[in-house]
Each structure stands twice: as C-alpha cells, then as structure tokens.
Amino acid sequence: MVSAVDLQGCPPGTQPEIAIVGRSNAGKSSLINGIAGSRIAMISATPGKTRMLNFYSAPRYRLVDMPGYGFAARSGDEQVSWQEMIEPYLAARENLAGLIIVMDIRRDWSTDEENLIRWISPRALPVVVALTKADKMSRGEAMNKARAIQRVSGVEHVLITSSINKTGFKELEEIAFHKFIKNLEESPTDETGDET
Ligand code: GDP
C-alpha cells in the first residue's frame with residue numbers, strides 16, 4: 001500500500017491496523033506473505049534491511065510491518081528507526097488495533113520482548129505471539145515451546161506458524177481479527193441508543 005519513515009508519512013487512519021513487531025530475521029515478511037497468501041512483503045536476505053513502516057491493506061484492516069526491533073546488540077541505525085518511527089507509531093497511532101509479536105520458535109522469550117510488552121501496556125492493546133519456523137522442530141517440541149512462552153510471557157494466544165509448511169496463518173488471522181478488529185469495531189464511537 002505505502003511505506004512511511006515517520007508518523008506524518010502514515011496513511012490516513014481510516015482502517016484498524018495490526019502492527020507486526022519482532023527482531024530482524026524473525027520471519028515478519030514471510031508471516032505477512034503467509035497471511036496474505038502471496039508474496040507481497042519483501043523477504044530480506046540481510047537482517048535489518050527493512051527501515052520503514054510498510055503498510056499492507058487487507059479488506060477490513062491493515063498490517064504494518066515494523067523495522068526489526070531492539071535488543072542489546074542493536075545497531076545505531078536500528079536504534080534510530082526504533083526511536084524515530086516505531087515508538088511514536090506504537091504510542092500515538094489511534095487506529096492501532098493490536099500487536100503481533102513475531103519470534104523465531106528456536107529463541108526464548110527475552111527481556112526485549114518483555115520490555116516491549118511493558119512499554120506498550122498503558123495502551124491496553126491486545127497482543128498475540130506468532131512463533132515462526134516451526135518446521136525446524138517436531139510438532140511436539142513446537143507445542144512445548146509455545147506453552148513455555150505462553151507461561152513466561154503471560155500472553156494468552158501464542159500461535160505456531162511455518163511459512164515452509166504454510167501452517168498457522170489461518171488461526172493467526174482468525175485470532176487477530178476476532179481479538180483486534182472486532183474489539184475495535186465493538187467499542188462504540190457513535191452511540192445512538194438504538195437496539196437494532
Ligand atoms: P524478517 O526480517 O523478520 O522480515 O524475516 P523474513 O521473513 O525476511 O525471514 C528471514 C529468514 O527466515 C528468511 O531467510 C526466510 O526464508 C526464513 N524464514 C521465514 N519464515 C520461515 C519459516 O517458517 N520456516 C523456515 N524454515 N524459514 C523461514
């Protein structure tokens with residue numbers, strides 16, 4: 001749809017947006033492609049390549065691909081994009097409906113994810129964790145990992161996905177739609193008092 005380098009460059013907030021956040025190389029672009037069912041997002045060979053907020057339009061909402069976030073070994077460039085684009089977007093974007101935190105299933109929940117959740121908590125937005133690259137382990141291992149992350153993060157919905165096997169995207173979209181978009185649509189903006 002459009003790419004932006006700052007809040008001013010974002011499209012008009014006429015549709016709910018779901019932000020996709022995660023480390024560089026976590027599988028964000030592949031996940032967006034999986035949800036969309038086509039190759040719309042650019043899959044980067046180089047970590048940290050995405051430096052803009054990329055908006056993808058779905059019929060009733062938008063997905064917003066964020067530059068890879070955070071972390072102790074964060075490069076100067078990533079730090080700047082985080083502070084100048086991501087924080088203002090997450091803090092102030094009114095039509096932001098929720099967050100999908102994307103994690104490579106082989107990684108553990110870290111202080112970076114924890115800090116993100118804490119930082120965003122004043123907005124009380126729904127959060128879903130999408131574990132990617134589940135094809136790298138057995139189904140049983142993947143389920144154990146999802147449960148462990150659910151326990152340590154306190155996030156109710158931790159979903160297992162694989163862009164190789166094309167699994168988990170339907171569930172992810174379903175949860176994102178129900179938890180994020182419906183929530184937003186049901187919060188009354190122009191109450192008339194009519195029952196019908
Ligand atoms: P991003 O930087 O977070 O947008 O990550 P990308 O979507 O560009 O993916 C980073 C790398 O991981 C690429 O080489 C992808 O092909 C690979 N990748 C992404 N998702 C999966 C997956 O589900 N399974 C496997 N095996 N590899 C994946």
Task: Odd one out for Arg123 among (1) farther than 28 Å from Asn165 by Cα; (2) more than 13 Å from the chain's Cα centre (by Cα); (3) open to solvent by less than 20 Å² (accessible area, probe 1.4 Å); (4) modelled with pLDDT of 90 or more - done: (3)
- [ ] Among the residues of segment 126-161, count how many are among the acidic types (Asp, Glu) and open to solvent by less than 40 Å² (accessible area, probe 1.4 Å).
- [x] 0
Open item on the list: Can you tell me how many residues within segment 1-36 are buried (at least 24 other Cβ atoms within 10 Å of the Cβ), part of a loop (DSSP other than H, G, I, E, B) and without any contact (Cβ under 8 Å) to a residue 40 or more places away in the chain?
Closed with: 0
Task: Among the candidates Ser187, Ser153, residue that is among the small types (Gly, Ala, Ser) and at pLDDT below 95 - done: Ser187
- [ ] For segment 20-28, state whether one or more residues are more than 8 Å from the ligand (Cβ to nearest atom) and at pLDDT 90 or above.
- [x] yes
TODO: For segment 120-162, enumerate the residues that are in a helix (DSSP H, G or I), away from the ligand (no atom under 14 Å from the Cβ) and among the acidic types (Asp, Glu).
DONE: Glu141
TODO: Tally the residues that are exposed (fewer than 15 other Cβ atoms within 10 Å of the Cβ) and assigned to a loop (DSSP other than H, G, I, E, B), restricting the search to segment 89-109.
DONE: 3
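The values are calculated or read from the model by the stated rules, or taken from the named source; none is laboratory data. The shown structure was predicted, so the numbers you read here are calculated from the model rather than taken from an experiment. Cβ atoms come from the backbone with ideal geometry, glycine included; neighbour counts cover every protein chain shown. Areas reflect the complete protein model, heavy atoms only, side chains present, ligands, DNA and RNA absent. Shrake-Rupley method; radii C 1.70, N 1.55, O 1.52, S 1.80 Å.
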